[in-house]
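The values are calculated or read from the model by the stated rules, or taken from the named source; none is laboratory data. Just so we're clear, the structure is a prediction, and the values are computed from it rather than from any experiment. Note that we place each Cβ from the backbone using ideal geometry, even for glycine, and neighbour counts take in every protein chain shown. These area figures cover heavy atoms from the full protein model, side chains too; ligands, DNA and RNA do not enter into them. Shrake-Rupley method; radii C 1.70, N 1.55, O 1.52, S 1.80 Å.
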Protein chains: 2
Amino acid sequence: MVTPQMIDDAAERIHGYITETPLIRALALDEFLGCRVHLKLENMQVTGSFKFRGAMNKILKLSPRDKEMGIITASSGNHGKAVAYAAKSLGIKATVVVPDTASPFKIHSIEQYGAAIIKCNVSERFSLSEKLAEKHGYTLLHPYDDADIIAGQGTVGSEIIDESPNIDKIIVPTSGGGLLGGILSAVKPVKEGIKVYGTEPASIPRYTASLEAGERKKVEDRYTIADALVTNQPGMENFPVIQKHADGILTVQEDMFLSATKLMLMEGKIFAEPSGCVGIAAILSKQLAVDADDDVCFVISGGNAGAALLKQLDNI
Amino acid sequence: MVTPQMIDDAAERIHGYITETPLIRALALDEFLGCRVHLKLENMQVTGSFKFRGAMNKILKLSPRDKEMGIITASSGNHGKAVAYAAKSLGIKATVVVPDTASPFKIHSIEQYGAAIIKCNVSERFSLSEKLAEKHGYTLLHPYDDADIIAGQGTVGSEIIDESPNIDKIIVPTSGGGLLGGILSAVKPVKEGIKVYGTEPASIPRYTASLEAGERKKVEDRYTIADALVTNQPGMENFPVIQKHADGILTVQEDMFLSATKLMLMEGKIFAEPSGCVGIAAILSKQLAVDADDDVCFVISGGNAGAALLKQLDNI
């Protein structure tokens, strides 16, 4: 398990590259969610999501020789963007393998950071990136199943409890589990009584199914508008931590994502991507009992959305 | 002139009613604006704008008898909403005179706080509210030309310098001048070297014209999308303070408002009304030279906008 010391080291390592994102009190949301609402705004993180923390921590720890050889990852989303920008900042060659189904908008935002893009069939992207890593001596950056990545994401948790020691509950968007695993590792050993919950789309309930089964289950790949929460199986590193320490996994029905995103925008005045609003959606649909005296921190994990989302929000 | 002591007293008086709004570092906007960007988020204030501070300070200072008689104001916008909610919170009867041209959306948000609405011809709204005040013994709440209102708005300034002593420049949306006058009164006597600028729509340049003339000038009523910045003449109380202490008044061309509002939304991840983005628009259109080392605080004065604005932003 990632230790608080590893997370403190990560925080020191990535300081000066990341931004310590705002943790704000969002008074206007209290009446809708039934608790005292705090928002940790990782949609304002460099590259628009928390992924930059883990990517930066991982890359900074590489040996000089590994840095020289370059890095590779398979992701058309927030992780890909974070890796590309982290590599660019440090003058390291990065290759990003993207499925040929990825949107031009997303590919563009990876390309603009100077990463080499390789397109392939969606089912081949992991095997191809492994093959290329071996062939060229690239370091393969896994999006969540890596202790250095997890330690980087865990700095979100240490920032929350450092800045607001009165937080009772933290609600964390969950896909492979790197962010949830990292936050659990950061806060559970040092803050007695704090509750931490994961939230995932009901259409791809990889953690709910796996916790029920007592082992890592692969669930069906299905559509969700929460396009940053599409991993179909818990991470190997993260599953045992989440199994042992998470206070619950909440699921969100598909129709709640846009409602939550619109509430955040119109009442909270914050623009986030639907994946980042999964915690808001969970409480809005009463997946967890909270009361007016609870100080609940929602991790708003990302904000990478284009004008198309505005149109969708205008239509509901 | 409103003194720092009056502003400290106002802060103590309204504490527990208002929210001390977030002052955030908005890293993603630096490259667009050419300075270190800080945002004071009054769009997250109770009732969605800074107006609640002044209204609350004014009403709390009324005598028991005046409170019993009730209050009246003429405003279909942020001031009307703030007065209605402040009155409701304190159990005081409020009447709001609105022009018959006001949008149902705005009237609804005043009505929902339980204020009595009286509609009249737009040109008669001030004279009618004076007449009603006299007839019923109501206290008339001016939106900006009142020392207690100005002292309340000034608490925005004291919060900024208390929380971020490194701020070099403050950019303030300006209409009648209550917010700018209040902030100048709060920060100029206590913080040497800090620069404070007002910003107004170029289509209704009441301060630019008046400062040039050396006296309060009434300018033509014209359209602006910045519908909270439509006063056609500087306030009597505010003009001398602004004339003496403001470091400049910047003007913003009409076509810049939506660009600035969209930049705030898509890159800054903050939803604000166009009037609240006038400072961003001013720097975006290079009305003031700033450099990369400047810590510039933009007061985001309000966020009361409906879904119609999303459609407009999607279309540009």
- [ ] Would you mind getting the accessible area per residue of the range B:1-158, heavy atoms of the protein chains only, 1.4 Å probe, in Å²?
- [x] 42
- [ ] May I ask you to give the percent of accessible area on the range A:184-310 that is carbon plus sulfur, with a probe radius of 1.4 Å?
- [x] 47
Task: Helix-only mean residue ellipticity at 222 nm for the protein assembly as shown, each DSSP H run of n ≥ 4 adding -39500 (n - 2.57), per residue, nearest 500 - done: -12000 deg cm²/dmol
Task: Burial of 50 Å² or greater, the range A:263-291 residues [accessible area, probe 1.4 Å, versus chain by itself] - done: A:MET266, A:LYS269, A:PHE271
Open item on the list: Once each part is reduced to its C-alpha centroid, what is the distance from the range B:124-156 to the range A:76-133 in angstrom?
Closed with: 59
Task: Cα pair distances of chain B binned at 20 Å [whole percent] - done: 35, 60, 5
TODO: Report the accessible surface area buried between chains A and B, summing both sides, using a 1.4 Å probe on protein heavy atoms only, in Å² rounded to the nearest 100.
DONE: 2000
TODO: Using the 7 Å Cα-to-Cβ label point, sort the distances from A:GLU220 to its equivalents in the other copies shortest first and give them in nm to one decimal.
DONE: 6.6
Task: Copy-to-copy label separations for A:GLU31, where each label sits 7 Å from Cα toward Cβ, in nm and ascending - done: 4.0
Task: Nearby aspartates and glutamates by direct alpha-carbon distance to B:LYS262 (threshold 12 angstrom, same-chain neighbours under 8 apart not counted) - done: B:GLU273, B:ASP314
Open item on the list: Given Cβ point charges of +1 (Lys, Arg) and -1 (Asp, Glu) and nothing else, what value in debye, to the nearest 20, does the dipole of the range B:52-140 about its Cα centre take?
Closed with: 260
- [ ] Apply the Karplus parameterisation 6.51 cos²θ - 1.76 cosθ + 1.60, with θ equal to phi minus 60°, to every residue of the range B:47-56 and state each ³J(HN,Hα) to the nearest whole Hz, in sequence, with x for glycine and proline.
- [x] 6, x, 7, 4, 4, 5, 5, x, 4, 5
- [ ] Would you tell me the mean number of C-beta atoms belonging to other protein chains that fall within 10 Å of each C-beta in B:306-313, as a whole number?
- [x] 4
TODO: Report in % the part of the accessible area of the range A:52-140 that belongs to carbon and sulfur, leaving out ligands and nucleic acids; probe 1.4 Å.
DONE: 50
Task: Tilt relative to chain B, helix B:78-90 - C-alpha long axis, 0 to 90 degrees, to 10 - done: 50
- [ ] Once you have all Cα-Cα distances for the protein assembly as shown, histogram them in 20 Å bins from zero and send the whole-percent values.
- [x] 19, 49, 26, 5, 0
Open item on the list: Label position 7 Å from Cα toward Cβ: report the copy-to-copy distances for A:ASP100 in nm, one decimal, ordered from shortest.
Closed with: 6.6
TODO: Name the lysines eligible as straight-distance cross-link partners of B:LYS217: C-alpha to C-alpha under 19 Å, and not fewer than 8 places from it in the same chain.
DONE: B:LYS244
Task: Mean-position separation - Cα centroids, the range B:213-236 and the range A:1-74, in angstrom - done: 46
Task: For the range B:16-30, residues shielded by at least 10 square angstrom of accessible area compared with the chain on its own, probe 1.4 Å - done: B:THR19, B:PRO22, B:ILE24, B:ARG25, B:LEU27
TODO: Have a look at B:CYS277, B:LEU60, B:GLY306 and report the one farthest towards the positive end of the charge dipole of chain B, computed about the Cα centre with Cβ charges (Lys/Arg +1, Asp/Glu -1).
DONE: B:LEU60
TODO: Measure nothing fancy, just the Cα-based angle from helix B:147-163's long axis to the longest principal axis of chain B, in degrees from 0 to 90, nearest 10.
DONE: 30
